[in-house]
Amino acid sequence: MSTASIIIAIVCLLGALVLYAFAMQTIQQKREQRKRLLIALKTRCRTFKFMLNGFPPQFLTKELTLLVQRSMADVCEQLAKLEPSDPTHMQDLQLVSAQMAENQRQTGPSKDVSLETQQQIKDVKIGLEELFHFVDTLEKKQTLPRSHIELYRSQIKHLVLSITVDSYCLHGKQALQSDKTKLAIHYYELALKLLLRENKPSVYETRMQTIREIIEEIRKRLEEEDPQSNLTSQEIAEQEEVQDAWDKFNQKDTLWKKKNIYD
């Protein structure tokens, strides 16, 4: 074999090695990209499942529920294509598709669902934070119209307000059970002020009226426990002034008596 043939063979071999290395690198990159995509999609799928299963039944509005269901269906479809050998992706897709169809058949506005424990409120708050973050991500990606984003945010804000009121009312109820009547009134008044601040009588009037009735009932109980609890701040100040004057007089009277005794 001539020198030229050897050189050509070496050059071809080096070229083949370069092409092989490049091909292997490309394959490795695609594997890494696929792996990262799978991890991201599975994480999103778990988050959507948490949102759908972590809230009490009928807690989310129809629009928010459909948003999460559609997003989860899209994720499950992508996972089913990437991992066709895993049947759970298709099962999840069929389940969420059935739930979505059922949700779309529902008519009429959703009703507010009151939460009954502080732990439930804590769990729901985490879910709402995840949902708000998801809506924020959709806005940044510009995948939805602005009007839809504003609707979702408004509904999430309403739910956050609702669970905050629930939390105050639960604290008030617990204070009442512990015979801390004034503290109970304080928590219920916080809940009422929060609703009044929204200035939406048509939305919150029923709940505000319920809280007002509870406060009135507790005030009657407080008046029975402490007749002076209904006094105005001016009356209380006057009473304290009279009591202070009497204490000072009593102290002088005691000193006068002691003086006479020792004399």
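Values quoted throughout were computed directly from the atomic coordinates according to the rules given, and no laboratory measurement underlies them. The model shown is predicted, which means the values in this text are computed figures rather than measured ones. Neighbour counts run over all protein chains shown; Cβ positions are idealised from the backbone, glycine included.
How charged is the neighbourhood of residue 114? Take every other residue with its Cβ under 11 Å from the Cβ of residue 114, and add Lys/Arg as +1 and Asp/Glu as -1.
Values: positive: 111, 207; negative: 112, 116, 166.
My count for the surroundings of residue 114 gives -1.
Evaluate E = 1/(1 + (r/R0)^6) for residue 3 and residue 30, where r is the Cβ-Cβ distance and R0 equals 35 Å; express this FRET efficiency to the nearest 0.05. Spell out each step's value before the answer.
Values: r = 41 Å, r/R0 = 1.16.
Result of the calculation: an efficiency of 0.30.
Kirkwood hydrodynamic radius (Cα pairs, Å) of the range 26-103? Kindly include the intermediate steps, with their values, before the conclusion.
Working: mean 1/r = 0.0753 Å⁻¹.
After inverting the mean inverse Cα-Cα distance, the result is 13.3 Å.
Rounding to the nearest 20 debye, state how big the charge dipole of the range 33-105 is about its Cα centre with +1 on each Lys and Arg Cβ and -1 on each Asp and Glu Cβ.
Dipole magnitude for the range 33-105 comes out near 280 debye.
What size of dipole, in debye to the nearest 20, comes out for the range 116-244 about its Cα centre when the only charges are +1 on Lys and Arg C-beta atoms and -1 on Asp and Glu C-beta atoms? Mind dumping the intermediate values first?
Numbers: 18 positive and 24 negative charges, 224 e Å.
Charge dipole, the range 116-244, about its Cα centre: 1080 debye, nearest 20.
Of the options 147, 121, 186, report the single residue whose Cα projects farthest towards the positive end of the charge dipole of the range 116-244 (beta-carbon charges: Lys, Arg +1; Asp, Glu -1).
Toward the positive end, the furthest listed residue is 147.
For an R0 of 22 angstrom, estimate the FRET efficiency from the Cβ-Cβ distance between residue 114 and residue 149 and round to the nearest 0.05. It would help to have the intermediate numbers written out before the result.
On the way: r = 27 Å, r/R0 = 1.24.
E between residue 114 and residue 149, to the nearest 0.05, is 0.20.
For the cross-link pairs 49/125; 157/193; 173/220; 182/220; 122/200; 173/200, which exceed 21 Å when the distance is taken from alpha carbon to alpha carbon? Before the final figure, lay out the partial values.
Numbers: 49/125 16 Å; 157/193 16 Å; 173/220 16 Å; 182/220 11 Å; 122/200 26 Å; 173/200 25 Å.
From 49/125; 157/193; 173/220; 182/220; 122/200; 173/200, over 21 Å: 122/200; 173/200.
Mind running the shape call on the range 102-160? Use the C-alpha gyration tensor, a ≥ b ≥ c as the square roots of the eigenvalues: rounded below 1.5 for a/c, prolate if a/b tops b/c, oblate otherwise.
Details: a/c = 2.41, a/b = 1.30, b/c = 1.85.
Oblate, because a/c is 1.5 or more while a/b does not exceed b/c.
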